[in-house]
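Laboratory data are not the source of any read-out in this text; all were calculated from the coordinates shown. Just so you know, these numbers come straight off a predicted model, no measurement behind them. Cβ placement follows ideal geometry from the backbone for every residue including glycine, while neighbour counts extend to all protein chains displayed.
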Amino acid sequence: MEIKITSMKDHYIINGFGRVGRQIAQELAEEKTPFVVIDKEEVFDECKKNGWPYIHGDSSKDEEVLKKAGIANAKALLIAVGSDADSVFIAVSARSLNPDLFIVARASSQDTADKLKKLGVNRVALPYQIGGYHMAVMAMRPAVVDFIDTIFDSRHDELHVEELQIEEKSQLKGMPLRNVLPRDKKKVAVLAVKRAGVPSIVNPPPDTILQAGDDLILMGTKQDLDQIGEEFSP
């Protein structure tokens, strides 16, 4: 297992394997995304059953655990531990070990969420906030929720949503959107263009000029989205 983890690159690290961590692992496994699980307790029966790599250790007290998980070569870290204090310590260690790492952390309070953001955590999830919002929308707009759940459920192939980043060396830089994804020829819809410093451009017009750093939010079948990714990857 150590050899397998050492050879991994651009993988995800799930720190905490309780109910939230298990759900994250199942979602990543459905997407066939490589990941490593960390937990300070011996809770790895599901990992053993599915062949998921794991490390037993407390990364809130020992950063060597994160190093063993290949944090230097990882793409993202998902902190799903139950203690806010542990989340903060893990975030500090992770950011110092890999300044470019994308970090998502769970928090139980807004105060902790604010602290995590100041420490460089890219996204913070507040379960009570997410759950409350989801339940309210379920009651008010159930059909909309059903549609969105279908899009984000990796077990459904009807529709998926992905992002495509325009890098500095990308062939798409400086091109109008109509030349990249003409609506009459491509079966992929451009939902939005996310651009730093300005509000997202929702349902962007065909003459939108793509810039380095833009994120295109695309919707289509997994097959079509994979084809777009292969065609326009740098």
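Please compare each pair in K32/K194; K4/K68; K187/K222; K4/K75; K4/K48 to a cut-off of 19 Å on the Cα-Cα distance and tell me which ones are over it.
K32/K194
Which listed residue (A85, L119, S170) has the Cα farthest towards the positive end of the charge dipole for the chain, taking +1 on Lys and Arg C-beta and -1 on Asp and Glu C-beta about the Cα centre?
S170
How far is it, in nm, from the label point at D111 to the one at F147 when both lie 7 Å from their Cα along the line to the Cβ?
Rounded to a tenth, the inter-label distance reads 4.1 nm.
Roughly how big is region 114-179's charge dipole about its Cα centre, with Cβ charges of +1 (Lys, Arg) and -1 (Asp, Glu), in debye to the nearest 20?
Details: 9 positive and 10 negative charges, 92 e Å.
The calculated dipole for region 114-179 is roughly 440 debye.
Determine, for I201, I90, the number of other Cβ atoms within 10 Å of each Cβ, and report the residues in order from fewest to most. It would help to have the intermediate numbers written out before the result.
Working: I201 18, I90 30.
Lowest to highest Cβ neighbour count: I201, I90.
Treat the count of other C-beta atoms within 10 Å as a stand-in for reagent exposure and order F89, F152 from fewest to most.
F152, F89
Give the residue from I228, P199, A105 lying farthest towards the positive end of the charge dipole for the chain; charges sit on Cβ (+1 for Lys and Arg, -1 for Asp and Glu) and the dipole is referred to the Cα centre.
Final value for the positive-end residue is P199.
Say the dipole of region 93-162 comes from +1 at the beta carbon of Lys and Arg and -1 at that of Asp and Glu; which of Y128, M140, I151 then lies farthest toward its positive end?
Y128
How much length would be gained if the chain were fully extended between K67 and E30, taking 0.36 nm per residue of separation minus their Cα-Cα distance, in nm to one decimal?
10.7 nm
Pairs of Cα atoms under 8 Å, at least six residues apart: use those to get the relative contact order of the chain, whole percent.
Answer for the chain is 14 percent.
So what's the back-of-envelope 222 nm ellipticity for the chain, counting only DSSP H runs of four-plus at -39500 (n - 2.57) apiece and dividing by all residues, rounded to 500?
-11000 deg cm²/dmol
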